[in-house]
Amino acid sequence: MNPRRLFLILTPYLWLLVFFLIPFVIVLKISLSDYAISIPPYTPTFDLSAGWEGFKSFLSALDTENFTFLATDALYYTAYLSSLKIAFIATVLTLLVAYPIAYGMAQAPDEWRPTLMMLVILPFWTSFLIRVYSWIGILSNEGFLNQFLLWLGVIDTPLIILNTQAAVYVGIVYTYLPFMILPIYSALEKLDGSLIEAAEDLGCSKIQAFWLVTFPLSRPGVIAGCFLVFIPTLGEFVIPSLLGGSSTLMIGKVLYEEFFSNRDWPVASAVAVVLLLILIIPIVLFQRNEQKQREAN
């Protein structure tokens, strides 16, 4: 085989090995360990230096106590379910906001499209943390939104938005909106306008032509955007911590507390392993969708 071709084939596998498989094995190893007051704060059950004998002793002493603890403690499975619910609702809201924007960009004149694209990616030019912090100043009781609504006379007393799930949804939709817009825009931009004209010539109204032609053809972009939003949102930590407060329970916050506050690395690693297994499902579905699109093209 050509060495260059072999290098191109092996590169993604080496990348996955170094940055995914090896860290996953390390985290899995810690999740099967016992908690200890030490540095690091766990007692390994598998010693690589012991060779085959160490591996046999590891198999004989294999303990899934940490995973059993996750299944019996209501905090953890409640956090998983809450994260799934928040990620799903936030993905739907992001789609509802992003699709009209992407559609408008695709329908805009060609000379305007680069400018509109720049405006979509402009938030990435500033720090993610600063952008999330800015929403605290907007959504707080004395923030810009409440002051503006009071000035208009729409409300008499400030709305309580910060430290609620509504603030979390606002932060997630704002943060991940470009990840939804760009794939949908890419799909809509390639749409052949003659198909819409043909549908209207056959008696379809503009709304019917949209649902029968435009939306089905943009579905690959919608699916890709939903996965790009849902997957990182499920493990989100910064947004629920800063905007949701203590009332918002997500598995990312629980994972942080276990690692850095409780210093229970074995349980925290078990939480991370289960979260990764949950994420594998949409990742595999996303990869299968991408493969189908490549085969179709």
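The values are calculated or read from the model by the stated rules, or taken from the named source; none is laboratory data. This one's a predicted model, so the numbers in the text were calculated from it and none came from an experiment. Ideal geometry is used to build each Cβ from the backbone, glycine not excepted, and the neighbour counts take in all protein chains shown.
Any idea which of Glu258, Glu295, Glu197, Glu290 is more than 14 Å from the chain's Cα centre (by Cα), acidic (Asp, Glu) and at pLDDT 85 or above?
Every option except Glu258 fails the conditions.
Does Leu81 count as of a type in the set (A, V, I, L, M) and within 19 Å of the chain's Cα centre (by Cα)?
It is true that Leu81 is of a type in the set (A, V, I, L, M) and within 19 Å of the chain's Cα centre (by Cα).
How many residues are under 25 Å from Thr68 (Cα atoms) and under 21 Å from the mean Cα position of the chain (by Cα) when one looks only at the range 7-33?
Residues that pass the stated criteria total 5.
Within the range 249-295, track down each residue that is touching a helix residue (DSSP H, G or I) at 6+ places or on another chain (Cβ under 9 Å) and more than 16 Å from Gly235 (Cβ to Cβ).
Asn262, Asp264, Trp265, Pro266, Val267, Leu285, Asn289, Glu290, Lys292, Gln293
Just need a number here: residues in the range 97-145 that are surrounded by fewer than 11 Cβ atoms within 10 Å (Cβ to Cβ), within 17 Å of the chain's Cα centre (by Cα) and either within 20 Å of Pro183 (Cβ to Cβ) or at pLDDT 90 or above (or both).
The total comes to 1.
Tally time: how many residues in the range 15-42 are surrounded by 11 or more Cβ atoms within 10 Å (Cβ to Cβ) and over 22 Å from Leu275 (Cβ atoms)?
Summing the residues that are surrounded by 11 or more Cβ atoms within 10 Å (Cβ to Cβ) and over 22 Å from Leu275 (Cβ atoms) in the range 15-42 gives 1.
Listed residues Thr68, Thr45; which is at pLDDT 65 or above and either surrounded by 15 or more Cβ atoms within 10 Å (Cβ to Cβ) or part of a helix (DSSP H, G or I) (or both)?
One residue alone meets the criteria, Thr68.
With the structure loaded, tell me whether Asp264 is among the acidic types (Asp, Glu) and farther than 26 Å from Pro40 by Cα or whether it fails that test.
no
State all residues of the range 168-191 that are touching a helix residue (DSSP H, G or I) at 6+ places or on another chain (Cβ under 7 Å) and either among the basic types (Lys, Arg) or part of a loop (DSSP other than H, G, I, E, B) (or both); if no residue qualifies, say none.
Hit for the range 168-191 is Leu191, nothing else.
Which one of Phe215, Phe148 is out of contact with any helix residue (DSSP H, G or I) (no Cβ under 9 Å at 6 or more places or on another chain) and surrounded by fewer than 19 Cβ atoms within 10 Å (Cβ to Cβ)?
It is Phe148.
Based on this model, can you work out whether Leu228 counts as under 13 Å from the mean Cα position of the chain (by Cα), surrounded by fewer than 21 Cβ atoms within 10 Å (Cβ to Cβ), of a type in the set (A, V, I, L, M) and under 23 Å from Ile86 (Cβ atoms)?
Judged against the criteria, Leu228 is a match.
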